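Beneath this line is the structure, given in structure tokens, with notes to follow.
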Amino acid sequence: MLMRSTTAEAAAPVVPGRFPLLGHLPQLAVRRVDFLQSVRARGEIVRIFLGNRPVFVLNSPAAVHDVLVTQSRKFGKGLLFDVARPFIGNGIITSEREVHRRQRRALQPAFHRDGIAACVGTMTGIAEEQVAAWRPGEVIAMDLVMRRMMTGMLVATLFSTERPDGAVGVAELGERVAEHLTTVMRGVFVGTVLPAPIASSPVLGHRTYLSAAAALRELADTSVRQARQDPADRGDLLSVMFAGTPGNPRGMTDTEARDELLSLLMAGAETTSTTLSWALHELGRRPEITERIRAECAALPAGALPSAATLPYTDRFLREVLRLHQPNWLLMRRASEPVRVRGVELPRGAELIYSAVTMHRDPAYFPDPLRFDPDRWLRRTEKDLPPGAYVPFALGNRKCIGDHFAMTEMLVVLRSIVSRWRPRPVAGRRIRPVVQALIRPNALPMRVSPWPAR
Ligand code: HEM
């Protein structure tokens, strides 16, 4: 339970254990989620120090909701995104204020429900081609396969000019992009939790991060150049970007479009593949859930689109995966003016951290929080929770633009896998969470067996 306090000073207590010069950086860099989990009991908003820089940690749904929604206009994205900008440019995930509003308006049409529905065929084709190539009894490195598949799917559905032919082509392109992405994300993480002189040292691979970012930029540039040469409206994301809007009648420049591609790759590839890896890990441990999902998918009428309405149990299962295995453990905001949050005065420039992972493990809202239980969402639906308690896709003006797209992709992939295969753990292999930019499994070898004939 959180301790509530009344005075402003007491409302943001400093977490004990601060080191001279480094502040709480060692705890954050070493203990990561465990450290953020440990500070929850100290108050609704607490202060830690990254070096000499104070950072406020938001621990209650009300504080998270206030910052992300009610007073969102007073916040920008903060340190994490300052670090990301030199790697990926100033696309929708890093930009601020008016530029962000314009970019969000321009990209929104690509994420309308009809547009997503139109991608289901391509998504299904990619998942089916890759899953059909597995052999009975084969051990699949699910984390790597998911990473390849989801990066390929994003490239193929959003940026259709880049679509190579066939499963192998998609998987290869997915792999190339995914490898660079993983490296860049690690660089952003290192740059956020370590002081700049240490983070930019060659020993920590700074040059590797920069060259992965350059390679990714080159791939995105090529994609934009190809699309520019073909003026037809292909109905994909690049066509949406080139089309004029009332606020920007000439559409995006090549550099702007390139930066948006990088933003979307950064936001939309590893998030879905990591979530799917955790989903498969849970299925491996719980054959009864796999059976239920298989039965639900088998009953889906031909032509019906996978959604929360048509696959309610599978959707609940994914919501529980996103609760317990939320990949985004560290997100940040920065106050762009002095602001009062839950009685705490935050100065202009104050950095804030919120962690969906620790929020999702609060026993006040999720009884027995470490238990994986999709049916908890029947007993207490999302609407019954206080706003801010369950935030897998964040909230407010910076909420994930790809939330429905991601849920659709994940339903499609689960349906393809579970309809054909029973994924099972490999004996003797312990799966551990690795906490870097996202929380992913250290490895995920799984043996796939066909279902017995009915
Ligand atoms: C399971 C999958 C996903 C999860 C858990 C997830 C989660 C999130 C979260 C928490 C944010 C807010 C970040 C913040 O507060 O700083 C976000 C933003 C964003 N996401 Fe996702 N996301 C997922 C998939 C996707 C996909 C598939 C796409 C695109 C195809 C996407 C595109 C974006 C974009 C563009 C933003 C920035 C929005 C803005 O600032 O206006 N995401 N996502």
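What's the number of the condition V69 fails, among (1) surrounded by 17 or more Cβ atoms within 10 Å (Cβ to Cβ); (2) within 16 Å of the ligand (Cβ to nearest atom); (3) within 23 Å of N328 (Cα to Cα)?
(1)
From the list M123, M142, which one is touching an Asp or Glu at 6+ places or on another chain (Cβ under 9 Å), of a type outside the set (G, A, S) and under 30 Å from R424 (Cα atoms)? Please lay out each step first, then the result.
Details: M142 fails: touching an Asp or Glu at 6+ places or on another chain (Cβ under 9 Å).
Just one listed residue meets the conditions, M123.
Which numbered condition trips up V64, out of (1) open to solvent by 20 Å² or more (accessible area, probe 1.4 Å); (2) within 23 Å of the chain's Cα centre (by Cα)?
(1)
Looking only at the stretch 250-272, which residues are polar (S, T, N, Q) and under 9 Å from the mean Cα position of the chain (by Cα)?
Let us first name the residues in the stretch 250-272 that are polar (S, T, N, Q), namely 253, 255, 263, 271-272.
Across the stretch 250-272, the qualifying residues are T271, T272.
Among (1) part of a loop (DSSP other than H, G, I, E, B); (2) in the same structural domain as L28 (by TED's automatic domain parsing), which single condition is A309 missing?
(2)
Out of all the residues in the stretch 75-96, is one or more surrounded by fewer than 23 Cβ atoms within 10 Å (Cβ to Cβ), over 21 Å from the mean Cα position of the chain (by Cα) and touching a residue at least 60 places away in the same chain (Cβ under 8 Å)?
Within the stretch 75-96, not a single residue is surrounded by fewer than 23 Cβ atoms within 10 Å (Cβ to Cβ), over 21 Å from the mean Cα position of the chain (by Cα) and touching a residue at least 60 places away in the same chain (Cβ under 8 Å).
Scan the stretch 407-428 and give yes if some residue there is small (G, A, S), at positive phi and open to solvent by less than 60 Å² (accessible area, probe 1.4 Å), otherwise no.
Residues of the stretch 407-428 that are small (G, A, S), as a first pass: 416, 419, 427-428.
Still in the list and also at positive phi: 428.
Now narrow it down to the ones that are open to solvent by less than 60 Å² (accessible area, probe 1.4 Å): none.
So far as the stretch 407-428 goes, no, none of its residues is small (G, A, S), at positive phi and open to solvent by less than 60 Å² (accessible area, probe 1.4 Å).
Within the stretch 207-244, can you find the residues that are at negative phi, modelled with pLDDT under 80 and not hydrophobic (A, V, I, L, M, F, W, C)?
Taking the stretch 207-244 first, the residues at negative phi are 207-234, 236-244.
Next cut, modelled with pLDDT under 80 only: 230-234, 236.
Residues satisfying the conditions are D230, P231, D233, R234, D236.
Under the condition of being touching a Lys or Arg at 6+ places or on another chain (Cβ under 7 Å) and among the hydroxyl-bearing types (S, T, Y), which residue from the stretch 332-376 is surrounded by the most Cβ atoms within 10 Å (Cβ to Cβ)?
So, considering only residues that are touching a Lys or Arg at 6+ places or on another chain (Cβ under 7 Å) and among the hydroxyl-bearing types (S, T, Y), the one surrounded by the most Cβ atoms within 10 Å (Cβ to Cβ) is T358.
The values are calculated or read from the model by the stated rules, or taken from the named source; none is laboratory data. Quantities reported herein were computed from a predicted structural model and do not represent experimental measurements. No Cβ is skipped: glycine too gets one built from the backbone with ideal geometry, and neighbour counts run over all protein chains shown. Heavy atoms of the whole protein, side chains included, go into the accessibility calculation; ligands, DNA and RNA do not. Shrake-Rupley method; radii C 1.70, N 1.55, O 1.52, S 1.80 Å.
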